[in-house]
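The values are calculated or read from the model by the stated rules, or taken from the named source; none is laboratory data. The structure presented is a predicted model; accordingly, all values stated were derived computationally and were not measured. So basically every Cβ, Gly included, is an ideal-geometry build from the backbone, and we count neighbours across all protein chains shown.
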Amino acid sequence: AFPPGAVPPGTAPRGSVPWLTAASAHGMALLPVVVDGVVTALVSTAVCGDRDPLGEEDVELMLAVLERAHGAVSGALRLQRAQRVALALQRSLLTEPPRVPGVEIAARYLPSPAAAEVGGDWYDSFVLPCGDPVLIIGDVTGHDVEAAVTMGRLRNMLRALAVDRREELPGEVLRRLDLALRAMAPGETTATCTLARVERSPDGGRRLVHSAAGHPPPLLVTGDGNARLLAAAHGPLLGVLPDVPRGSSVDPLPPGSTLLLYTDGLVERPGEDIDEGLARLLRHAAGLAREPVEAFCDELLAAADPTGHDDIAVIALRLPEGPRTAGDPAVPDRGGPRPGPSGSVGS
């Protein structure tokens, strides 16, 4: 007990003091919530106005109520703690894109608006020893710590495979990743993924060599605002079919164009066909063709469904306007696949 509105220092949680003062509280009780032997929360009860001070019977009643609710409260607090760990792990793996001469790369991650969910979306970007930038995006099934851990393992395995097997097409690299996933968690985990490599084409321009495993198609926006979905060589989700052959696609990247990889949370809305979401994304991206690549990503995320229950990851690459800019090294052609202007090659 204390004089009305005069909460003694150190007797109440800091965030409660302004409210207790404004309500002219003259007494309070603090009951600890213990989870796994650790005090993780405090239940505060304040006495205001002409109410009598709290007595022993009042405290005993509050203890009885808290005891009955302990199972539900402790379970919720355990879940909250696990979500914080998962989100921290996820963010630690979503590193800043590399600086690559002659291109701009930007990436964003937006957690699910539902605080109870932590997703397995991830992106990655790095530069191969030959100078080619690689962009990756993926989505592991699940919304928990296990999904975040699996996401981290897949990310690291795919990065290692893409570097070690850099002479192989992206589809073959994804096939190897699928085998590794099945060895790591047979029959327990599925994931979608797109692996894209930006190469120097024989004419001195840039081309995209890419493959998708159950993932939404890449989007390409030219500098004049023409947006289209790339017909990627699509294969099944990772973790579904054993050792299935996977193809790769090749598309030219015009000067000044923007390549976007994204997860399904960017286009999906409850009760809406995904084709409608893709059409909306095409229209929006076309209108952002001249925006800086960082703003390009920010604007797309800002237009996403605020009531959605999925997290969102995007990564975008912007080419310079001209065929080459200062500091953009001429990376020699590596003798990879050479289809026509746009096409597919087998794995």
query: Residue check: is T194 surrounded by 22 or more Cβ atoms within 10 Å (Cβ to Cβ) and among the β-branched types (V, I, T)?
result: yes
query: Would you call L300 part of a helix (DSSP H, G or I), in the same structural domain as M151 (by TED's automatic domain parsing) and touching a His at 6+ places or on another chain (Cβ under 8 Å)?
result: yes
message: Please count how many residues of region 205-227 are under 15 Å from R318 (Cα atoms) and not in a loop (DSSP other than H, G, I, E, B).
response: 7
task: Considering (1) out of contact with any Asp or Glu (no Cβ under 8 Å at 6 or more places or on another chain); (2) more than 30 Å from P202 (Cα to Cα), say which one H284 fails and leave the rest.
output: (1)
message: Given the criteria free of Cβ contacts under 8 Å to residues at least 40 places away in the same chain and of a type in the set (A, V, I, L, M, F, W, C), does V134 qualify?
response: no
query: Which is at pLDDT 90 or above, assigned by TED's automatic domain parsing to the domain that holds E199, crowded, with 17+ Cβ neighbours inside 10 Å and not charged (D, E, K, R), of V134, V118?
result: V134
field: Lone unmet requirement of (1) outside any helix (DSSP H, G or I); (2) surrounded by fewer than 20 Cβ atoms within 10 Å (Cβ to Cβ); (3) at pLDDT 95 or above for V314
entry: (2)
- prompt: From the residues in region 236-269 that are in contact with a Leu (Cβ under 7 Å, 6 or more places away or on another chain) and assigned to a loop (DSSP other than H, G, I, E, B), which one is surrounded by the fewest Cβ atoms within 10 Å (Cβ to Cβ)?
  reply: D243
query: Which one of the conditions (1) in a loop (DSSP other than H, G, I, E, B); (2) under 19 Å from A82 (Cα atoms) does G152 fail to meet, given that it meets all the rest?
result: (1)
- request: From A29, A23, grab the single residue that is touching a Cys at 6+ places or on another chain (Cβ under 8 Å) and at negative phi.
  value: A23
query: Looking at region 193-212, which of its residues are touching a helix residue (DSSP H, G or I) at 6+ places or on another chain (Cβ under 8 Å), within 18 Å of G120 (Cβ to Cβ) and in contact (Cβ under 8 Å) with a residue 60 or more places away in the chain?
result: L195
query: Could we say that G214 is touching a His at 6+ places or on another chain (Cβ under 8 Å) and surrounded by fewer than 23 Cβ atoms within 10 Å (Cβ to Cβ) here?
result: yes
- request: Look through region 27-51, keep the residues that are charged (D, E, K, R) and exposed (fewer than 10 other Cβ atoms within 10 Å of the Cβ), and return whichever of them is nearest to the chain's Cα centre (by Cα).
  value: D36
- request: With respect to G71, determine if the residue is buried (at least 18 other Cβ atoms within 10 Å of the Cβ), farther than 30 Å from G5 by Cβ and modelled with pLDDT under 90.
  value: no
- request: Search region 141-162 for residues that are closer than 17 Å to L179 by Cα and pair each with any residue that is part of a helix (DSSP H, G or I) and of a type in the set (G, A, S) when their beta-carbon atoms are under 7 Å apart and the residues are at least 6 apart or on different chains.
  value: M157/A180
query: Does R176 qualify as being within 21 Å of G235 (Cα to Cα), touching an Asp or Glu at 6+ places or on another chain (Cβ under 6 Å) and assigned to a helix (DSSP H, G or I)?
result: no
field: Any chance G5 is small (G, A, S), exposed (fewer than 10 other Cβ atoms within 10 Å of the Cβ) and farther than 30 Å from T150 by Cβ
entry: no
